[in-house]
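Notes to accompany the following structure.
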Amino acid sequence: MKTQKKLITGYLILVLLLVAGSVLAQKTYQLNTDNSSMEVSGTSNVHDWAMDVNKFKGILSFNNQGSDVGISSLFFEAKAKSILSDKNLMNKKAHEALKTDEYSKITFRFANVKNLNASGNDITGTIEGYLTIAGKTNKIELAFSGKLSDSQLRVKDTYTLNMSDYNVEPPTAMLGSIKTDEKVLVKFDMVFTGKDYES
């Protein structure tokens, strides 16, 4: 009986050490909005257009312990009404299309990561997650590349989004004579600054 208790105790201690080691190896990275940017751009039958996303936040948990590199969680949120251009009419039409009075936030929630590769300070991969726009949620795959250091993770890339997938009607103007394409390009350059869980 004593031998069995010792084995159980030893097993529990081993499990606790493994869990603690995993947690301490992780860092939580807060999105540094001052050094990050996001732009949404597209085309119309008249001219190209672009809008900046001005208010957003995010948090990421990342493990960078030796060969055990991985993302365990990620959450991103943007204020829909903060998507702005220098043209008031464009802003109004975009916000109407996004139904910002009803759905004030655009969110992305992490599901999985695949093809994650780290070589030196370079990191690439594909994040799978759930993107919610105007109340509609779709699972997407988001490829990225970035640079990793002890205190910072910078990721950037582009993603092509079809507005019709989110029941968003492409904005029009001038009694329908100006029509935007339903596909838009999201360009992001995100800087996350890290902090150890143990600190």
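The values are calculated or read from the model by the stated rules, or taken from the named source; none is laboratory data. Note that the coordinates shown come from a computational prediction; the quantities given were computed from them, not determined experimentally. All Cβ positions, glycine included, derive from the backbone under ideal geometry; neighbour counts span all protein chains shown.
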Filter the stretch 141-166 for residues that are under 11 Å from the mean Cα position of the chain (by Cα) and either part of a loop (DSSP other than H, G, I, E, B) or more than 18 Å from E39 (Cα to Cα) (or both) and give the result.
E141
It is to be established whether one or more residues within the stretch 161-172 are under 30 Å from T193 (Cβ atoms) and surrounded by 12 or more Cβ atoms within 10 Å (Cβ to Cβ).
yes
Quick check on V113: is it in a strand (DSSP E or B), surrounded by 14 or more Cβ atoms within 10 Å (Cβ to Cβ) and touching a helix residue (DSSP H, G or I) at 6+ places or on another chain (Cβ under 8 Å)?
no
Which of the residues belonging to the stretch 127-152 are crowded, with 19+ Cβ neighbours inside 10 Å and in contact with a Gly (Cβ under 6 Å, 6 or more places away or on another chain)?
none
Could you tell me which of the residues L31, L7, L17, L60 is out of contact with any Asp or Glu (no Cβ under 9 Å at 6 or more places or on another chain), surrounded by 10 or more Cβ atoms within 10 Å (Cβ to Cβ), more than 30 Å from M90 (Cβ to Cβ) and modelled with pLDDT of 90 or more?
L60
Would you pick out the residues in the stretch 116-126 that are surrounded by 12 or more Cβ atoms within 10 Å (Cβ to Cβ), out of contact with any Ser or Thr (no Cβ under 8 Å at 6 or more places or on another chain) and among the hydroxyl-bearing types (S, T, Y)?
T126
